[in-house]
Structures are given as C-alpha cells and as structure tokens.
Amino acid sequence: MTPADCDGVAEVRVSGWRSAYRGLMPQSYLDGLSVEADAERRREYLAQGDPGVVNLVAEDTGGEIVGWACHGPYREGEVLTGDAELYAIYVHPDQVGRGVGRALLTESVARCSAAGHGRLLLWVLKENDRARRFYERAGFRADGAEEPFEVDGVAVPEVRYTRVLADVAAPRPLAR
C-alpha cells in the first residue's frame, strides 16, 4: 500500500464495516464512519513506517482497490510476540464472494510463514458467522480466547482464531 492507495483502502474499509457489521454493532456508529477520516489515519500509519506491518491491496482489472489486508507482529497487550497477527482484512461489498478476500488471506499467510512466524492469529466479532466460516475454511480455528469489545456502549465481543503456519515458498506477487 502506498499513500496514494489510502483513499481507496478507506473506501473499502468503511464500506466493508458498514456491510459486514450491520446488525452486529450500533448502526449509528457505522453511519458515523468517515472515509475521509479513515484515509487520513491510513496515511498517518504509513508515515510512521513500522517495518513489521505489511499492508496489501487488491485491485480489479481497472486498477480500482477492491480489498485490503494488514498483518504484523502479534500484540499480547503491549508486548509483541514471535507470532503474526492479521490486523484487518476487508473486501468491497461488491466484490465479496469473488476470491479477493481469499487471495489476500493466502498472501498474508504466505508472507507470515516465509517471515518465520509459527502462527497467525486474528480477532473476529463473535457473532460474525460469515467471517468465522471464511477463516475456518482457510484452516483457522477458534482457540477459546475471548476479548471484550465495546462500541458506543454496546458489547460486541471478539474471539481469537489461530492457524499454525508451515514453511512455504516466497510469496507470489499478488498485491502491492
């Protein structure tokens, strides 16, 4: 991901939240999300230049950003571990079911494995059955850990998923 990609990534992220989390968190919160504010946050994160964080974008044949994934070191509180964490993966709602998310996840798994991480972990909303099935089909399993998450005073708990990584060949060029 480059600074020029931030607007497209923000559009994917905000529209992804509004679609995926409808009915799972307060609609007023989802309605209040701002593509412009999110794009500015993405630019700030990129400017910080954390070398351990990888942002991947997926584009359609016309060069429009249709998906985004971000991974890096697993955060156990304030401590970074030797495992990797998938911080985010979003696909534009118009592209869901077309393999974009699977391609981004496959690339993240390959890169984390090639970097020598033993596991890839992620957090997903407990009630997000669609996302949980997506991760389970990709070999992830809920490990029993749960984390409270609150949005506008409403509890939307998360569960942790994990996948053991195997050594794989260097990642294929899929996303920049």
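One table, with the values for the structure above:
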{"item": "Spin-label pair residue 142/residue 155, simplified geometry with 7 Å Cα→Cβ offset, distance in nm", "result": "1.5 nm"}
{"item": "Hull shadow area, averaged, the range 1-69 [alpha-carbon convex hull, nm²]", "result": "5.1 nm²"}
{"item": "Nearest-20 debye value, the chain charge dipole, Cβ charges on Lys, Arg, Asp, Glu", "result": "700 debye"}
{"item": "Cα-Cα separations in the chain greater than 31 Å, expressed as whole percent", "result": "10 percent"}
{"item": "Cβ-based net charge around residue 74, under 9 Å, with every Lys or Arg adding one and every Asp or Glu removing one", "result": "-1"}
{"item": "Counting all C-alpha pairs of the range 90-138, share separated by more than 15 Å (%)", "result": "52 percent"}
{"item": "Derived scalar couplings ³J(HN,Hα) [the range 141-154; Karplus, 6.51 cos²θ - 1.76 cosθ + 1.60; whole Hz; x for Gly, Pro]", "result": "9, 5, 9, x, 7, 10, 9, x, 9, 10, 10, 6, x, 10"}
{"item": "Whole-angstrom gap from the range 1-67 to the range 83-121, using each part's C-alpha centre", "result": "15 Å"}
{"item": "Long-range amide H partners of residue 92 with built H, under 5 Å", "result": "67"}
{"item": "Point-charge dipole on Cβ atoms (K/R +1, D/E -1) for the range 51-153, about Cα centre, debye to 20", "result": "480 debye"}
{"item": "Cβ-based charge dipole, the range 1-81, positive-most Cα from 46, 73, 62", "result": "73"}
{"item": "Axial C-alpha extent at least 18 Å, average Kyte-Doolittle at least -1.0 - helices from the chain (DSSP)", "result": "6-20, 100-114"}
{"item": "Average accessible area per residue (Å²) across the chain - probe 1.4 Å, nucleic acids and ligands excluded", "result": "54 Å²"}
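The values are calculated or read from the model by the stated rules, or taken from the named source; none is laboratory data. Since the structure is predicted, the reported quantities are computational estimates derived from the model, not experimental observations. Reconstructed Cβ throughout: ideal geometry from the backbone, glycine too, with neighbour counts over all protein chains shown. When the accessible area is computed, the model is the full protein with side chains, heavy atoms only, and any ligands, DNA or RNA have been set aside. Shrake-Rupley method; radii C 1.70, N 1.55, O 1.52, S 1.80 Å.
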